[in-house]
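Undergrad: The structure under discussion is supplied below as structure tokens; questions concerning it will follow.
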Amino acid sequence: MHESSENGATRREFIESTGKVAGVAALAGMLPVGVHASPAADKIKVGLVGCGGRGTGAAMQALSADPSVNLVAVGDAFKSQVDGALAALKGEASVAARVDVAADKQFVGIDCYKGVINSGIDVVLLASPPGFRPREIRYAVEAGKHVFAEKPAGTDPVNARSVIESAAIAEQKKLCFVAGYCWRYDTPRREFYKRVLGGELGEIRHVHATYITGPVKPMPPASERPAGMGDVEWQVRNWYNFAWLSGDGLVEQACHSVDKILWAFNDQPPLRCVGTGGRVNPNNEGNIFDHIDVFYEWPNGARATMAQRQINGCKSDNSDYLAGANGYGIISGGNVAIKAGAGWAWKGNSKSMYQIEHDELFAAIKAGKTINDGKRMAISTIAGIMGRMAAYTGQEVTWQQVMESGWDLFPNPLTWDMKLAIDPMAQPGKTPLR
């Protein structure tokens, strides 16, 4: 997870610069009191898959959402991540007593999600690299577990589309499925898009979204690969730099901006798009672009542009600009405003959107209600993948094409000791559209 804050810092940068324990402590200071005033009689047993900074933060937020929440199982590809997450969470006095993970409920390996989900939990938090997410979501809903799944829903058309099916299974089983497209839970933006969809700007004719920032996890040179480390471990440890694991910066990070574009169009997918992009800085063995621009078109002729960049030394910007028949809307830092009619601007404070996600998830579970973000999570992710496909190939890509595409990046079967060649960097005009 790599979210821009209102002051220009990022959540990932904060966690990585201060250490996992300090990062969780800082988050705890922003967290509200649980949604229920007194502890519930029933324990809600939670499992965590993916114990990095984002997963540790999600576990903290789940534990802070309700006093009946208990963390009872964790899993990660690497034991050091499991140990770090548990140390951080147990170091927080407000939740330490409800971090009760026995040694036999700590699972390590690329199939750790199965152990966590089968450990007797009620809710699973999925925060492993995005390439793993579709299979983890499917396994969880088939097992009858409530789900919090970080964004995006996958890294390729085939597996991201499977999340639509998983969302339908969750709906049939009356399971909650909350997606980590966190801006959908941000109070100022909820009010902004409520007004947009209510017609205050008139028909939306153009949206311009930016997510331009610095690199997330630069790829080390092959010379730094430890002797004896296998292909799969090397790639998973450097997951952001491989399209099958991260989906590229557009799909993994700027997917938030794509999601807000879709929000402005009431989640109607685009008709088609073209894209440009490439790599300015060396990526060593990695195979992702460091900049992509996408130009989307809707059936009524409305357009959207998406500018994504991850290059050091450049101006950063994470903003949304909406043009409608009656006026304009802008989201830029703390400026969330409608410039049409009498106008409107958000004023006041708001609760952390990361916390609201979990507050609403656990409140729904306790009330016997359901939240299901799965389908729109998949649609927004597929729209991001569609843009990456256009940029990587240099071709126009239609929604029909991406919904019928057989482009599957996930290695199947996947084992820890297998040989796994790295796909070459895409070349627009040469890389085929699949």
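The values are calculated or read from the model by the stated rules, or taken from the named source; none is laboratory data. The structure displayed is predicted, hence computed values, not measured ones. Every residue, glycine as well, gets a Cβ built from its backbone with ideal geometry; the counts of neighbours run over all protein chains shown.
Undergrad: From the list 216, 147, which one is modelled with pLDDT under 95, outside any helix (DSSP H, G or I) and aliphatic (A, V, I, L, M)?
TA: Testing whether each residue is modelled with pLDDT under 95, outside any helix (DSSP H, G or I) and aliphatic (A, V, I, L, M) leaves just 216.
Undergrad: Here's something else I'd like to know. Which pairs have Cβ atoms under 7 Å, sit 6 or more apart or on different chains, and link a residue in segment 138-160 that is within 17 Å of residue 403 (Cα to Cα) to one that is crowded, with 24+ Cβ neighbours inside 10 Å and of a type in the set (Asp, Glu)?
TA: Final answer for the pair search is 152/252.
Undergrad: Would you please list the contacts, defined by Cβ atoms under 6 Å and residues six or more apart or on different chains, that run from a residue in segment 90-114 that is on the phi < 0 side of the Ramachandran plot to a residue that is of a type in the set (D, E, K, R) and surrounded by fewer than 20 Cβ atoms within 10 Å (Cβ to Cβ)?
TA: From segment 90-114, the pairs are 96/90; 99/90; 108/79.
Undergrad: Are there any pairs with C-beta distances below 8 angstrom linking a residue in segment 377-406 that is farther than 13 Å from residue 156 by Cα to a residue that is in a helix (DSSP H, G or I) and of a type in the set (Val, Ile, Thr), with the two at least 6 apart or on different chains, and if so which?
TA: What qualifies is 377/163.
Undergrad: Out of 259, 293, 267, report the one residue that is closer than 30 Å to residue 220 by Cβ and either in a strand (DSSP E or B) or of a type outside the set (A, V, I, L, M, F, W, C) (or both).
TA: None of the other options fit; the residue is 293.
Undergrad: Here is a follow-up. Given the conditions (1) in contact (Cβ under 8 Å) with a residue 40 or more places away in the chain; (2) out of contact with any Phe, Trp or Tyr (no Cβ under 6 Å at 6 or more places or on another chain), report the number of the one that residue 257 does not fulfil.
TA: So the condition that residue 257 fails would be (2).
Undergrad: Here is a follow-up. Exactly one of (1) buried (at least 16 other Cβ atoms within 10 Å of the Cβ); (2) on the phi > 0 side of the Ramachandran plot is unmet by residue 327. Its number?
TA: Tallying (1) buried (at least 16 other Cβ atoms within 10 Å of the Cβ); (2) on the phi > 0 side of the Ramachandran plot, residue 327 fails exactly one: (1).
Undergrad: Right, here's the next one. Would you tally the residues in segment 364-378 being crowded, with 24+ Cβ neighbours inside 10 Å and assigned to a helix (DSSP H, G or I)?
TA: 3
Undergrad: Something else: Look at residue 163 and say whether it is over 15 Å from residue 76 (Cα atoms) and either surrounded by 24 or more Cβ atoms within 10 Å (Cβ to Cβ) or assigned by TED's automatic domain parsing to the domain that holds residue 251 (or both).
TA: It is true that residue 163 is over 15 Å from residue 76 (Cα atoms) and either surrounded by 24 or more Cβ atoms within 10 Å (Cβ to Cβ) or assigned by TED's automatic domain parsing to the domain that holds residue 251 (or both).
Undergrad: Just give me the residues in segment 108-132 being touching a Lys or Arg at 6+ places or on another chain (Cβ under 9 Å), closer than 15 Å to residue 160 by Cβ and in a helix (DSSP H, G or I), in sequence order.
TA: Selection gives 130 alone.
Undergrad: Considering only residues of segment 396-426 that are out of contact with any helix residue (DSSP H, G or I) (no Cβ under 8 Å at 6 or more places or on another chain) and part of a loop (DSSP other than H, G, I, E, B), which is surrounded by the most Cβ atoms within 10 Å (Cβ to Cβ)?
TA: 425
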